Ligand code: TXA
Ligand code: MG
């Protein structure tokens with residue numbers, strides 16, 4: 001018996017009961033699969049850190065299903081943050097706000113701010129609704145590894161350490177949410193993700209993007225090496241791809257590169273669509289990782305819209 005269950009109403013109820021009673025459950029969102037626990041229960045949240053082998057200085061995102069719940073987790077919502085939420089929620093945008101006392105310190109790693117997201121995936125929304133509490137959930141993978149975009153991916157990483165994995169097939173965005181903070185006066189993007197910065201700027205004007213990892217206190221999760229396969233990965237500009245030496249796998253947007261000598265090629269989007277590329281990114285990384293390659297060469301995406309977020313993941317996957 002596996003712990004993968006189809007995401008029907010009965011099983012969503014079952015997962016909600018587990019979360020209500022202090023346990024954890026893995027569930028689909030539109031970005032990646034999450035590993036959820038009651039966001040008001042510090043002990044339940046501790047189980048997430050344990051299962052993921054996640055360092056305690058890496059705070060969790062709290063998932064809500066209504067604006068009413070937002071007021072239970074965030075002490076203040078500045079007008080610009082509200083404007084962004086109105087535009088992009090439910091969806092792949094996480095907003096960092098001052099936290100209320102109801103959110104235990106372990107969720108935020110001791111920060112006085114909380115990252116909040118209202119997911120659009122109907123299964124995730126029902127789960128939060130049935131559990132009747134906000135759900136703290138990181139991506140459902142072991143710390144530092146590639147994020148899961150299917151129930152099987154979750155199982156591969158976490159096995160039987162979670163009682164239930166709700167299965168709803170592949171995620172339709174495929175990379176994590178964009179994170180924007182409103183805690184330092186001006187809005188700052190802390191993680192590139194499923195909502196393009198260009199679209200955020202249409203709503204609130206120019207925003208600062210600070211995805212460096214030199215300010216751990218501000219966003220502890222932005223470690224340089226992250227989202228990484230086991231196989232060594234190097235990133236190259238399109239025109240500077242070296243010839244394959246050894247057993248090399250190629251990860252590229254469209255396979256019009258010189259393919260001579262590559263053991264295997266993973267193309268992210270034949271039509272060079274960056275949204276489709278994001279959907280396929282982590283699955284392609286997993287596939288390459290399973291092939292005993294000496295190395296993976298990844299070709300940089302065009303540096304715009306979701307291409308920026310993909311390039312960020314590739315760079316982190318290539319970090320030592
Ligand atoms: O798309 C997503 O956001 C997925 C799905 C499951 O919702 N979740 C996800 O969570 O990617 P996770 O744990 O893999 O990434 C959470 C990151 C942390 O590593 C940290 O960088 C940032 O969110 N974060 C959380 N709380 C924060 C806070 N109070 N201030 C700044 N950054 C925070
Ligand atoms: Mg993660």
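Only the coordinates and a few stated rules stand behind these numbers; no lab work does. Treat the numbers as computed from the prediction; the structure is a model and nothing was measured. FYI the Cβ positions are ideal-geometry reconstructions off the backbone, even for glycines, and counts take in every protein chain you see.
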Inset, instruction - Return the Rg/Rh value of the range 174-320, two decimal places, where both radii are evaluated on C-alpha atoms and Rh is the Kirkwood radius. - result: 1.00
Legend entry - Cα long-axis angle, helix 306-318 against the chain (0 to 90 degrees, to the nearest 10): 80 degrees
Legend entry - Residues residue 43 and residue 71, FRET efficiency given R0 of 22 Å [Cβ-Cβ distance, rounded to 0.05]: 0.35
Inset, instruction - State, in angstrom, two size descriptors of the range 90-167 derived from its alpha carbons: Rg to one decimal place and Dmax to the nearest whole number. - result: 13.9, 36
Legend entry - Hydrodynamic radius of the range 13-53 per Kirkwood, over alpha carbon pairs, in Å: 10.4 Å
Inset, instruction - Taking 7 Å along the Cα-to-C-beta vector as the label spot, tell me the residue 238-residue 265 distance in nanometres, rounded to one decimal. - result: 1.5 nm
Legend entry - Contact order normalised by residue count of the range 1-153, Cα under 8 Å, 6+ apart, percent: 36 percent
Inset, instruction - Quote the convex hull volume per residue of the chain, based on C-alpha atoms, as a whole number of Å³. - result: 124 Å³
Inset, instruction - Taking only Cα atoms and a 10 Å spring cutoff, compute GNM fluctuations for the chain and point out the largest among 246, 42, 169. - result: 246
Legend entry - Likely footprinting exposure, 135, 51, 4, fewest C-beta neighbours within 10 Å first: 4, 51, 135
Inset, instruction - Compute the relative contact order of the range 99-169 as a whole-number percentage, counting only Cα pairs closer than 8 Å that sit 6 or more residues apart in sequence. - result: 17 percent
Legend entry - Least to most buried among 224, 314 (fewest other Cβ within 10 Å first): 224, 314
Legend entry - Max mean-square fluctuation residue, GNM over the chain, Cα-Cα springs under 10 Å, options 188, 207, 279: 207
Legend entry - Order of 101, 153, 132 - criterion: other Cβ atoms within 10 Å of each residue's Cβ, fewest first: 101, 132, 153
Inset, instruction - In Å and from the alpha-carbon atoms only, list the Rg and Dmax of the range 146-210. - result: 16.2, 46
Inset, instruction - Any chance you could check the Cα centroid distance between the range 247-309 and the range 8-70 for me, in angstrom? - result: 31 Å
Legend entry - Most mobile of 244, 196, 140 in a GNM of the chain (Cα contacts under 10 Å): 244
Legend entry - Relative frequency of Cα-Cα separations exceeding 19 Å in the range 35-152, percent: 43 percent
Legend entry - Over the chain, relative contact order from alpha-carbon pairs under 8 Å, at least 6 apart, %: 19 percent
Legend entry - Fully extended contour minus Cα-Cα distance, from residue 132 to residue 320, at 0.36 nm per residue: 63.5 nm
Inset, instruction - Relative to the longest principal axis of the C-alpha atoms of the chain, give the angle of the C-alpha long axis of helix 79-88, reported between 0 and 90° and rounded to the nearest 10°. - result: 60 degrees
Inset, instruction - Using only alpha carbons, build the gyration tensor for the range 1-95 and give me the equivalent ellipsoid semi-axes, biggest first, whole Å. - result: 25, 17, 13
Inset, instruction - Normalise the Cα radius of gyration of the range 108-225 by 2.2 N^0.38 Å (N = residues in it) and let me know the number. - result: 1.17
